[in-house]
Amino acid sequence: MTTAPLVARLTPRLGRFCYLALNVAVVVFLLAPIAIVFVFALNPTPYIQFPPVGVSLRWFEKFFASRDFMNALWLSLEVAAMTTIAATLFGASAALALARGGLPGSRVITAIMLSPLMLPAILTGLALFQSYVLLDVGRPLWGLVLGHTLVSIPYVVRTTLAVLQNFDTRLEEAACNLGAGPLRTYFEVTLPLTKPGVMAGAVFAFIVSFDQFPVSLFLVSPGRETLPITLFNYLKFDLDGTIGAASVVSILLAVLVVFGLDRTVGLRSYAKL
Amino acid sequence: MNAVRTGITPIAWLIAPSALLFTLFFFLPMGLMAVISLLTGNPVVQPNVDFTTKYYRRILDDTYYFEVIWTTIRIGLLTTLSALLIGYPLAHWMARIRGRTAYAMLMMAVLTPMLTGIVVRTFAWMALLSDKGAINQALIGLGLISKPLPLMYNEFSIVLGLTHIYVPYMVLTLVGVIGRIDERLEHAAQNLGASPLRAFLEVTLPLSLPGILAGSLLVFALAISAYVTPILMGGFQIMTLPMLIYQQISSSFNVGFAAALGMVLLTISLVLVIAYNRILGLVSGQRDLQ
């Protein structure tokens with residue numbers, strides 16, 4: 001590019017400075033709360049205190065020693081794992097059908113597949129809960145996984161569709177011309193090329209499920225709650241560092257996941273919503 | 001040539017599992033919710049159940065419920081607006097930045113809070129804004145104020161918390177759209193004498209309208225269904241629709257009334273989605289919804 005950067009023409013310095021200052025402020029706004037969580041997680045006092053008086057790992061000990069928190073953490077990981085598998089299978093196959101199946105009305109179907117994202121998630125939970133009540137099945141674990149799967153599918157559909165629409169269809173045509181049938185073309189050309197989108201979608205599905213609150217609200221059974229629900233119930237009455245420790249653990253988990261995602265499939269093209 | 005792309009191929013069958021899943025566990029439950037909102041009780045366990053409009057009449061007759069609905073919409077709108085104002089510049093920067101490392105750093109900055117979870121981030125804002133929180137203690141420590149500012153337990157703190165939680169969704173939606181706008185269009189406008197600001201306002205901004213709409217819709221939908229942040233940041237003082245719905249289930253097990261309130265929330269969202277599709281159709285002509 002030969003032309004100067006965006007704002008650097010008429011009011012060069014000032015415009016550029018404002019633009020950068022604004023953006024840095026936004027990044028600070030995004031990250032400052034996360035940073036403060038670390039401060040409180042490491043601060044030894046049993047209440048929120050600023051400036052911090054020292055560094056201690058007692059809240060991490062309390063978190064990892066708490067049976068409630070640990071049970072919730074494992075349940076969340078379990079549900080997220082099952083959700084990831086289900087949402088990836090359903091979402092990726094639906095995306096393939098939508099992009100390459102020649103379905104009539106595929107735009108409408110796409111909109112429907114994405115609708116759990118656009119409708120309040122709390123309604124998905126409420127509607128499922130009321131159905132379970134009506135059918136008198138209680139609050140089964142599969143019911144919770146099902147709710148999570150519904151709200152995770154849109155992410156998989158979107159990332160997979162994005163890849164399918166971007167890659168060169170001539171590769172498929174070449175396979176066809178070389179004598180491969182449609183099915184063989186899909187399994188040997190389309191599917192491998194779609195993998196990054198599916199993987200990105202799977203990671204999103206895992207995180208959406210792991211952090212899911214509104215859907216779980218109605219679907220968890222008392223005494224067997226996911227981590228976000230347990231944290232929320234704890235937070236209603238206590239504001240000590242245990243929440244900070246739990247937060248740090250989940251933040252580190254998230255950073256790890258993003259880092260892994262960037263390393264394996266790259267973020268630029270697939271982290272679309 | 002186009003054998004892969006024309007007509008229905010066997011691949012179309014792959015839609016079947018999802019179609020079944022959505023029919024049985026999404027549309028059927030939503031339909032059931034609509035029915036339950038019109039019934040006097042549970043037809044499976046109770047023998048003489050009748051149709052009734054009492055739940056809707058209750059909503060219509062009491063101005064309290066109007067206030068709750070309006071509060072929910074107002075918080076949704078304020079959150080959407082602030083997420084757009086904060087998110088747009090960042091999305092623009094990310095879409096135009098050159099270096100891959102710089103881009104990855106910004107993406108991390110956006111994704112890290114997004115992946116941190118609603119409860120954790122609400123806790124973070126409580127730790128920042130409460131009377132003993134970082135902001136108040138820092139200001140008192142510096143001698144700027146003598147008693148803590150009332151930063152929490154009001155609508156401001158709810159909107160602030162929700163904005164922080166949903167800005168990443170806005171940014172991610174916008175980055176994709178702005179990134180697809182050819183930068184040379186802006187340069188052309190500048191070569192023709194427009195200031196950078198004017199070039200942005202008259203070229204890039206209108207072209208990014210579909211992204212603005214999509215992001216706004218997403219943030220609004222998420223904000224009006226939020227539960228954690230309004231409850232904790234509002235200190236149980238400000239009632240929103242999701243809080244009311246959950247209260248009806250958990251404390252009075254009034255499934256019918258909760259269903260009627262759910263239908264109100266559903267209607268608000270559907271009206272928005274339909275309006276969005278209409279407006280998008282108008283601004284982008286034949287452009288793909290994707």
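The values are calculated or read from the model by the stated rules, or taken from the named source; none is laboratory data. Remember, predicted model here, so these are calculated numbers, not experimental data. A quick note on method: Cβ atoms are made from the backbone with ideal geometry, for glycine too, and the neighbour counts reach across all protein chains shown. Heavy atoms of the whole protein, side chains included, go into the accessibility calculation; ligands, DNA and RNA do not. Shrake-Rupley method; radii C 1.70, N 1.55, O 1.52, S 1.80 Å.
Across chain B, C-alpha contacts under 8 Å between residues 6 or more apart give a mean separation that, scaled by the residue count, equals a relative contact order of 25 percent.
Note on surface exposure: B:Thr101, A:Thr149 rank B:Thr101, A:Thr149 by accessible area, highest first, 1.4 Å probe. Under a model in which nothing but the beta-carbon of Lys, Arg (+1) and Asp, Glu (-1) is charged, the protein assembly as shown shows a dipole of about 1040 debye around its Cα centre. Considering only B:Ile158, B:Ile249, B:Ile69, the Gaussian network model of chain B with Cα springs below 10 Å gives its largest mean-square fluctuation to B:Ile249. When all protein chains stay in place and ligands, DNA and RNA are ignored, the 1.4 Å accessible-area order of A:Leu89, B:Leu78, largest first, is A:Leu89, B:Leu78. Annotation: A:Glu78 carries an accessible surface of approximately 80 Å², with a 1.4 Å probe and no ligand, DNA or RNA atoms counted.
Cα centroids of the stretch A:55-132 and the stretch B:128-183: 27 Å apart. Here is what passes the span test in chain A: the DSSP H helices with alpha carbon length of 20 Å or more along the helix axis and a Kyte-Doolittle mean of 1.6 or above are A:12-42, A:121-135, A:241-264. Candidates B:Gln237, B:Gly99, B:Pro210 compared by Cα position along the dipole of the protein assembly as shown: farthest toward the positive end lies B:Gly99, with charges placed on Cβ.
Shape of chain A from its Cα gyration tensor (a ≥ b ≥ c, root eigenvalues): rounded if a/c is under 1.5, otherwise prolate when a/b > b/c, or oblate? Oblate, because a/c is 1.5 or more while a/b does not exceed b/c. Solvent-accessible surface (1.4 Å probe) assigned to A:Tyr155 amounts to roughly 20 Å². Counting only residues at least eight positions apart within a chain, or on another chain, the lysines with an alpha carbon under 30 Å from that of B:Lys147 are A:Lys236, B:Lys132.
Here the dipole of the stretch B:1-129 is about 640 debye; that uses its Cα centre as origin and unit charges on the Cβ of Lys and Arg (positive) and Asp and Glu (negative).
Indicate the gyration tensor shape class of chain B (rounded, prolate or oblate), computed on the Cα atoms with a ≥ b ≥ c the square roots of the eigenvalues: a/c under 1.5 is rounded; otherwise a/b larger than b/c is prolate and the rest oblate. Oblate, because a/c is 1.5 or more while a/b does not exceed b/c. In chain A, Cα pairs under 8 Å separated by at least six residues give a relative contact order of 29 percent.
I want to verify a result. In a Gaussian network model of chain A, Cα cutoff 10 Å, which of these has the top mean-square fluctuation: A:Phe17, A:Phe29, A:Phe90? Comparing A:Phe17, A:Phe29, A:Phe90 in a Gaussian network model of chain A, the most mobile one is A:Phe17.
Taking a ≥ b ≥ c as the square roots of the Cα gyration tensor eigenvalues, the stretch B:58-153 comes out oblate, since a/c reaches at least 1.5 and a/b does not exceed b/c.
Put a dot 7 Å past the Cα of B:Arg57, heading toward its Cβ, do the same for B:Leu20, and the two dots end up 4.4 nm apart.
Interface between chains A and B: roughly 9800 Å² of accessible area buried, both sides summed (probe 1.4 Å, protein heavy atoms only).
Entry note, the stretch B:185-254: relative contact order of 17 percent, from Cα contacts under 8 Å with a spacing of 6+ residues. The aspartates and glutamates whose alpha-carbon is closer than 20 Å to the alpha-carbon of A:Lys195, local same-chain residues fewer than 8 away aside, are A:Asp168, A:Glu172, A:Glu173, A:Asp262.
Comparing B:Ile274, B:Ile86, B:Ile231 in a Gaussian network model of chain B where C-alpha atoms under 10 Å apart are linked, the largest mean-square fluctuation is found at B:Ile274.
Placing unit charges on each Cβ (+1 for Lys and Arg, -1 for Asp and Glu) gives the protein assembly as shown a dipole about its Cα centre, and among A:Gly15, A:Leu144, B:Pro148 the Cα reaching farthest toward its positive end belongs to A:Gly15.
Computed about its Cα centre, the charge dipole of chain A is approximately 720 debye, with only Lys, Arg, Asp and Glu carrying charge at their Cβ. Membrane-span-like helices in chain B, defined purely by DSSP H runs whose alpha carbon atoms cover 15 Å or more axially and whose average Kyte-Doolittle hydropathy reaches 0.5, are B:63-96, B:100-114, B:118-129, B:155-180, B:209-224, B:255-284. Simple rule: put +1 on each Lys or Arg Cβ and -1 on each Asp or Glu Cβ in the stretch B:125-188, find the dipole, and look at B:Leu160, B:Ala138, B:Thr173; the Cα lying farthest toward the positive end is B:Ala138. You can think of it this way: the chain between A:Ala32 and A:Glu61 has 8.0 nm of extra reach, that is 0.36 nm per residue less the Cα-Cα gap. Straight-line reach from B:Lys54: taking Cα to Cα under 15 Å and skipping same-chain neighbours fewer than 8 places apart, the aspartates and glutamates in range are B:Asp62.
In the context of the full protein assembly, B:Lys132 retains an accessible surface of approximately 120 Å², using a probe radius of 1.4 Å and ignoring ligands and nucleic acids.
Compared with the direct C-alpha span, the chain from B:Glu67 to B:Val273 gains 71.9 nm at full extension, assuming 0.36 nm per residue. Mean residue ellipticity at 222 nm, helices only, chain B: -21500 deg cm²/dmol; runs of at least 4 DSSP H residues each add -39,500 (n - 2.57), and the sum is divided by the number of residues.
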